[in-house]
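Read the structure below first, then the notes.
The values are calculated or read from the model by the stated rules, or taken from the named source; none is laboratory data. Note that the structure is predicted; figures quoted are calculated from it, not measured. Quick reminder, even Gly has a Cβ in these numbers, built from the backbone with ideal geometry, and neighbours come from all protein chains shown.
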Amino acid sequence: MTDYLLIALALLGLLILGGIGLVVPRLRRRPQPPLPRTEVDTRAEEDLAGPPVQAPEADLSTGVLVEPPVEAPAPTVEVPEPTAGRLVRLRSRLSRSQNVFGKGLLGLLSRDRLDEDVWEEIEDSLITADVGVDATREIVDRLRERTRVLGTRSVAELRSLLAAELVNALDPGLDRSLHTAPKEGVPAVLLVVGVNGAGKTTTCGKIARVLIADGRSVLLGAADTFRAAAADQLQTWAGRVGAETVRGPEGADPASVAFDAVKRGIETGVDTVLVDTAGRLQNKIGLMDELGKVKRVVEKHGPIDETLLVLDATTGQNGLEQARVFTEVVNVTGVVLTKLDGTAKGGIVIAVQRKLGIPVKLVGLGEGPDDLAPFDPAQFVDALLGTESSGQTA
Ligand SMILES: Nc1nc2c(ncn2[C@@H]2O[C@H](COP(=O)(O)OP(=O)(O)OP(=O)(O)O)[C@@H](O)[C@H]2O)c(=O)[nH]1
Ligand SMILES: [Mg+2]
């Protein structure tokens, strides 16, 4: 009898010990106090590294460790980068152009005198960088004159004079602000035009982000109705920042989609309506007429506040003739020069402004969503020449 009792007690003891053995590790895990961030991160890494990876889930299921509730099903809306100082942050993207300008000039610095060779090399690097023949001649002539008047001897001094001349050639007094603010409760309307593949849709998306970062509300109009994919592309950009898109069926009249977009923008009281248009070659008369119609129809709601011509910097001087035709069909108020990250010819900015007489307002410096910067002549020249001076303020 006592034997049975002893066996029963022994079994009971084993059961209790076994139970504790199972429970203790869990109890040990649960009451961990909140850890400083770095320690939490370490713990997460440990969990990832080995078998205990299951444990936190088991704990969760007990309901003891409560994670914050998962956010509502609304798509996560991104918070874009602020725009201030972007050109400075993105200056390394101009590295190809920097090689032409900055490194070229660096080579000259070893010279101790300003001789004809120096002038020729400066001229060459400006032309290579697509500044254009006329502008180059003008810049070099002014530079020669100033060095003569100032008695400049060293190439180092010349460098800062060149910077000043390049800034001057970019007409720093031009108004480069984007007119995006609503007037008397009516949204500002921006029309985005240009040849195929220049970066119009991407630029619309990037501008929408900039405006939203600045606290504005935006509506996007997909007046590129040639391909459904074009409207999808715009809608994707809009969705990321929580903006509405107005689109029509494939093949719809772009002018009526643009009209509807602005109408909707007025109804919903957004601050800015951005209208993306289809890429069109300047020599296709029908397409250019269509663009003229988009403009006229949109203007039934009121004047367009800003018409941005998007130009691909990598097309260099060829892009300039295309650009001129656009300015005849719509009243272009600003140029967006895209893909400056992909060219050694940053000087095209000077040529564009000179040829068109229209300010470059924005520059595209990459495919990323925030790779668009307001254009600033002094910062831009600093970036091109690889100087550190005023480029640090933004
Ligand atoms: N590297 C670089 N790529 C850019 C830039 N801007 C646009 N792109 C790229 O250029 C390509 C064309 O851009 P889109 O915005 O579709 O051009 P689009 O003018 O709307 O083209 P269409 O509507 O077909 O006429 C895309 O692959 C973009 O990512 C830029 O500043 N830098
Ligand atoms: Mg497009």
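Points to keep in mind about this one:
- Checked against (1) farther than 18 Å from residue 203 by Cβ; (2) of a type in the set (A, V, I, L, M, F, W, C); (3) within 16 Å of ligand 2 (Cβ to nearest atom), residue 326 passes all but condition (1).
- Which numbered condition residue 320 fails, given (1) more than 14 Å from ligand 1 (Cβ to nearest atom); (2) within 21 Å of residue 178 (Cβ to Cβ); (3) in contact with a strand residue (DSSP E or B) (Cβ under 9 Å, 6 or more places away or on another chain): (2)
- For first residues located in region 218-233 and of a type in the set (Phe, Trp, Tyr), partners that are in a loop (DSSP other than H, G, I, E, B) and near ligand 2 (Cβ under 10 Å from one of its atoms) and lie 6+ apart or on another chain with Cβ distances below 6 Å form the pairs 226/278.
- From the list 291, 309, the lone residue that is touching a residue at least 60 places away in the same chain (Cβ under 8 Å), touching a Gly at 6+ places or on another chain (Cβ under 7 Å) and within 16 Å of ligand 1 (Cβ to nearest atom) is 309.
- If the condition is being modelled with pLDDT of 90 or more, closer than 14 Å to residue 162 by Cα and of a type in the set (Gly, Ala, Ser), then region 114-149 contributes only 135.
- Look at (1) more than 25 Å from residue 233 (Cα to Cα); (2) within 14 Å of ligand 1 (Cβ to nearest atom); (3) among the aromatic types (Phe, Trp, Tyr) and you find that residue 380 fails only one, number (2).
- Applying the condition of being of a type in the set (A, V, I, L, M, F, W, C) and within 9 Å of ligand 2 (Cβ to nearest atom) to region 196-221 and asking which residue is farthest from residue 281 (Cα to Cα) yields 204.
- Residue among 277, 236 that alone is closer than 25 Å to residue 197 by Cβ, surrounded by fewer than 18 Cβ atoms within 10 Å (Cβ to Cβ) and of a type in the set (Ser, Thr, Tyr): 236
- The residues in region 251-285 that are more than 25 Å from the chain's Cα centre (by Cα) and either within 16 Å of ligand 1 (Cβ to nearest atom) or under 27 Å from residue 213 (Cβ atoms) (or both) can be counted, and the count is 14.
- Residue check, residue 320 over 26 Å from the mean Cα position of the chain (by Cα) and within 15 Å of residue 196 (Cα to Cα): no
- Positions within region 165-213 being in contact with a helix residue (DSSP H, G or I) (Cβ under 8 Å, 6 or more places away or on another chain), of a type in the set (Gly, Ala, Ser) and closer than 30 Å to residue 143 by Cβ, in sequence order: 169
- Residues located in region 346-355, provided they are out of contact with any strand residue (DSSP E or B) (no Cβ under 7 Å at 6 or more places or on another chain) and more than 14 Å from ligand 1 (Cβ to nearest atom): 347, 350, 351, 354, 355
- When 186, 195 are screened for being of a type in the set (A, V, I, L, M, F, W, C) and more than 30 Å from residue 343 (Cα to Cα), only 186 passes.
- Residue selection: residue 268 fails the criterion of being hydroxyl-bearing (Ser, Thr, Tyr), in contact with a Pro (Cβ under 6 Å, 6 or more places away or on another chain) and within 13 Å of residue 186 (Cα to Cα).
- Of all residues in region 187-206, those that are near ligand 1 (Cβ under 6 Å from one of its atoms) have Cβ atoms under 7 Å from Cβ atoms of residues that are polar (S, T, N, Q) and at pLDDT 95 or above, 6 or more apart or on another chain, in 198/338; 199/338; 200/277; 201/233.
- Given (1) within 11 Å of ligand 2 (Cβ to nearest atom); (2) surrounded by fewer than 22 Cβ atoms within 10 Å (Cβ to Cβ); (3) within 18 Å of the chain's Cα centre (by Cα), index of the condition residue 229 fails: (3)
- Cβ-Cβ contacts under 7 Å between residues 6 or more apart (or on different chains), taken from a first residue in region 255-277 that is among the basic types (Lys, Arg) to a second residue that is away from ligand 2 (no atom under 16 Å from the Cβ) and at pLDDT 95 or above, are listed as 263/301; 264/219.
- All conditions in (1) surrounded by fewer than 22 Cβ atoms within 10 Å (Cβ to Cβ); (2) within 16 Å of ligand 1 (Cβ to nearest atom); (3) among the basic types (Lys, Arg) hold for residue 216, with the sole exception of (2).
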